[in-house]
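Structure first, then comments.
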Amino acid sequence: MKPVYIINGFLDSGKTDFFRYTIAQPYFRSNGLTLIVVCEEGENDYEEKLLKSTNSVKVVVEDESDFTVAKLQSFENKYNPERVLIEFNGMWDPRAIHLPKNWNIEQQITMINCSTFEMYYTNMKSMLVEQIRKSDMILFNRCDGFNEKLPAFKRNVKAVNQQAEVIFEDRNGEVDVTLDEDLPFDLKADPIELNNYGYGMFYLDALEHADRYKGKKVRFKALVAKPKDLPKGRFVPGRLSMNCCAQDMQFLGFACDYDKTDELNEKDWVEVTAEVGKEYVKEYNGEGPVLKAVSVVPTTEPSNPVVDFTQPILSD
């Protein structure tokens, strides 16, 4: 299987610069040819000198209708590349990406120009969400002057793809983004009270910083989920979230140990008070947050039952 690296992003997001830098690195140079499939030509390009020195060749696909398996297979037959880089057009639908049988997606990256993120998030959210959804890495560049907004940018991206690595860079390199002071609840409270939006932020932050909550108690209203493959004495309290539209819903919940799970019914609303721990969970494919129930009591459905991440980017 030939490794394929796909980079998404709107025009002027830095896709070409990223690939130019990548192919020039010694660690990326190895035997065989690198095929670069360009679906959107911006101001920057791949110089012939660079292509020659890195044993790379560039081909262009100008129309979305031409981005087909047959077209890509013709490149495969002509060049027999060792690896493939695809610079995808930000205005095309990434769900339509289909590759030859012997091509395998090794990594998918979304590039975001920090100075235009709010505009695209507000006006073209559905397209941006599709770019982010299956990416392994989200790279914000040109972040100079946006430090105060970066935590909000990160939350909105993580709401779409919790597993992706999110990186911010300015002219000096990587920017560290810490959310401690920007969380919509008091980390020192006992228990930490989580409303609708607060639960969503807790969920996203705890996935990345489980140690921050280890030993702390939280209280929140949640739907009961009882997946069949969970061990006895464990259920999943959580909330449905909306990333983009009503058709794009997902359940956000953590495994919770509770000795009376048999008394709970699927989709019941309960108020959970629990201590946060950290341990290996098969469903996480590694260590992650696990709740230890202190109390689980029936409650009524809250006025805002769905965690809504569609609010304006800078408002909580």
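The values are calculated or read from the model by the stated rules, or taken from the named source; none is laboratory data. No experiment lies behind these values; they were computed from the predicted model shown. When we count neighbours, we look across all protein chains shown, and the Cβ atoms used for this are built from the backbone with ideal geometry, even at glycine. To get the accessible areas, we keep the full protein, side chains included, count just its heavy atoms, and leave off ligands, DNA and RNA. Shrake-Rupley method; radii C 1.70, N 1.55, O 1.52, S 1.80 Å.
Annotations for the structure displayed:
- Residue in segment 132-142 that is among the charged types (D, E, K, R) and open to solvent by less than 20 Å² (accessible area, probe 1.4 Å) present: no
A quick yes/no check of all residues on (1) outside any strand (DSSP E or B); (2) open to solvent by 40 Å² or more (accessible area, probe 1.4 Å):
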{"site": "Asp262", "(1), (2)": "yes, yes"}
{"site": "Lys267", "(1), (2)": "yes, yes"}
{"site": "Glu271", "(1), (2)": "no, yes"}
{"site": "Glu275", "(1), (2)": "no, yes"}
{"site": "Tyr280", "(1), (2)": "no, yes"}
{"site": "Pro289", "(1), (2)": "no, no"}
{"site": "Ala293", "(1), (2)": "no, no"}
{"site": "Val296", "(1), (2)": "no, no"}
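- Residue check for Ile138: out of contact with any helix residue (DSSP H, G or I) (no Cβ under 7 Å at 6 or more places or on another chain) and in a strand (DSSP E or B): no
- Residue that is nearest to Trp103 (Cα to Cα), among those in segment 31-78 that are open to solvent by 60 Å² or more (accessible area, probe 1.4 Å) and hydroxyl-bearing (Ser, Thr, Tyr): Ser65
- Residue pairs meeting the criteria (Cβ under 9 Å; at least 6 apart or on separate chains; first touching a residue at least 24 places away in the same chain (Cβ under 8 Å) and among the aromatic types (Phe, Trp, Tyr), in segment 126-145; second in a loop (DSSP other than H, G, I, E, B) and open to solvent by 10 Å² or more (accessible area, probe 1.4 Å)): Phe140/Phe146
- Exactly one residue out of Ile23, Ile86 is touching a strand residue (DSSP E or B) at 6+ places or on another chain (Cβ under 6 Å) and not in a helix (DSSP H, G or I), and it is Ile86.
- Residues that are out of contact with any Leu (no Cβ under 8 Å at 6 or more places or on another chain), in contact (Cβ under 8 Å) with a residue 40 or more places away in the chain and either of a type in the set (S, T, N, Q) or assigned to a helix (DSSP H, G or I) (or both) are absent from segment 32-46 altogether.
- Residue in segment 20-29 that is basic (Lys, Arg) and open to solvent by less than 70 Å² (accessible area, probe 1.4 Å) present: yes
- Within segment 248-260, tally of residues that are free of Cβ contacts under 8 Å to residues at least 40 places away in the same chain, in a loop (DSSP other than H, G, I, E, B) and under 32 Å from the mean Cα position of the chain (by Cα): 2
A quick yes/no check of all residues on (1) in a loop (DSSP other than H, G, I, E, B); (2) open to solvent by less than 70 Å² (accessible area, probe 1.4 Å); (3) touching an Asp or Glu at 6+ places or on another chain (Cβ under 8 Å):
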{"position": "Glu106", "(1), (2), (3)": "no, no, no"}
{"position": "Met119", "(1), (2), (3)": "no, no, no"}
{"position": "Thr122", "(1), (2), (3)": "no, no, no"}
{"position": "Asp144", "(1), (2), (3)": "yes, yes, yes"}
{"position": "Glu148", "(1), (2), (3)": "no, no, no"}
{"position": "Lys154", "(1), (2), (3)": "no, yes, no"}
{"position": "Pro184", "(1), (2), (3)": "yes, yes, yes"}
{"position": "Leu187", "(1), (2), (3)": "yes, yes, yes"}
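- Residues that are touching a strand residue (DSSP E or B) at 6+ places or on another chain (Cβ under 9 Å) and open to solvent by 20 Å² or more (accessible area, probe 1.4 Å) within segment 213-230 comprise Lys214, Gly215, Lys216, Lys217, Arg219, Lys221, Leu223, Lys226, Pro227, Leu230, listed in sequence order.
- Check on Met91, of a type in the set (A, V, I, L, M, F, W, C), without any contact (Cβ under 8 Å) to a residue 12 or more places away in the chain and either in a helix (DSSP H, G or I) or surrounded by fewer than 18 Cβ atoms within 10 Å (Cβ to Cβ) (or both): no
- Hey, Gln311 modelled with pLDDT under 90, part of a strand (DSSP E or B) and either of a type outside the set (Gly, Ala, Ser) or out of contact with any Asp or Glu (no Cβ under 9 Å at 6 or more places or on another chain) (or both) or not: no
- Some residue of segment 246-259 being in contact with a strand residue (DSSP E or B) (Cβ under 9 Å, 6 or more places away or on another chain), among the hydroxyl-bearing types (Ser, Thr, Tyr) and open to solvent by 10 Å² or more (accessible area, probe 1.4 Å): yes
- Considering residues of segment 298-313 that are among the hydroxyl-bearing types (Ser, Thr, Tyr) and over 30 Å from Lys125 (Cα atoms) only, the residue most open to solvent (accessible area, probe 1.4 Å): Thr300
- Which numbered condition Gly238 misses (of (1) within 22 Å of the chain's Cα centre (by Cα); (2) modelled with pLDDT under 90): (2)
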